[in-house]
Amino acid sequence: MPWLKNEVVKEMGNGRRTSFWKDHWVGEMPLCDCFPRLYSISNQREEMVGEVSFLREGSVEWILTWRREPFLWESELIANLMTVVADFRIGEDEDTWRWRPGW
């Protein structure tokens, strides 16, 4: 059901069941669609949010790796990506699906 993908969003818990790139868990669409260039150079296309993040002194830190050194203009995309995920908080509950806001 392709239409369903556009109508639901992940409600983040611990990030263990949510694909960092492919699930819609932050922003307007999946990160692979928002940042296709970064997705194309990522070493972590299949990783879950909980596998590329960790909690340090109350803040979430991201561990993203690339197939090669990013070009200068790609570094700007990385900065934009970090802005998009900046408000993420790791929880203790499992991740769940919910209808998009407004439904």
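Using R0 = 30 Å, the C-beta based FRET efficiency linking SER75 and GLU28 works out to 0.85. Look at the alpha carbon pairs under 8 Å that are at least 6 residues apart: their mean separation over the length of the chain gives a relative contact order of 41 percent.
Protection proxy ranking, highest mean first, for peptides 14-26, 81-93: 14-26, 81-93, where packing is the per-residue count of other beta-carbon atoms within 10 Å, averaged. Compared with the direct C-alpha span, the chain from ILE63 to THR83 gains 5.7 nm at full extension, assuming 0.36 nm per residue. The HN-Hα couplings worked out from phi for the stretch 34-51 by the Karplus form 6.51 cos²θ - 1.76 cosθ + 1.60 (θ = phi - 60°) are 6, 10, x, 5, 5, 4, 5, 9, 6, 8, 10, 4, 9, 6, 8, 3, x, 8 Hz, whole numbers, x standing for Gly and Pro. Sequence-ordered 3J(HN,Hα) estimates for the stretch 86-99 from the Karplus curve with 6.51, -1.76 and 1.60 and θ = phi - 60° stand at 4, 8, 4, 10, 7, x, 9, 6, 5, 5, 9, 8, 8, 5 Hz, glycine and proline given as x.
Could you give the size of the charge dipole of the chain about its Cα centre, using +1 on the Cβ of each K and R and -1 on the Cβ of each D and E, expressed in debye and rounded to the nearest 20?
Values: 13 positive and 18 negative charges, 58 e Å.
Magnitude of the dipole: close to 280 debye.
Axis angle, to the nearest 10 degrees, between helix 72-85 and the longest C-alpha principal axis of the chain: 30 degrees. For percent of Cα pairs over 17 Å apart, the value computed from the atomic coordinates appears in the list (1) 53; (2) 46; (3) 56 under label (1). If I build a Gaussian network model for the chain, linking alpha-carbon pairs within less than 10 angstrom, which residue out of ILE63, ILE41, ILE78 has the largest mean-square fluctuation? Between ILE63, ILE41, ILE78, it is ILE63 that shows the largest mean-square fluctuation.
Applying 1/(1 + (r/R0)^6) with R0 = 41 Å to the Cβ-Cβ distance of ASP93 and SER40, what FRET efficiency is obtained, to the nearest 0.05? List each step's numbers first, then the result.
On the way: r = 32 Å, r/R0 = 0.79.
Plugging the Cβ-Cβ distance into 1/(1 + (r/R0)^6) gives 0.80.
Coordinate-derived values only; no laboratory data. Not measured: the values here are computed from a predicted model. Note that each Cβ is placed from the backbone with ideal geometry, even for glycine, and that neighbours are counted across all protein chains shown.
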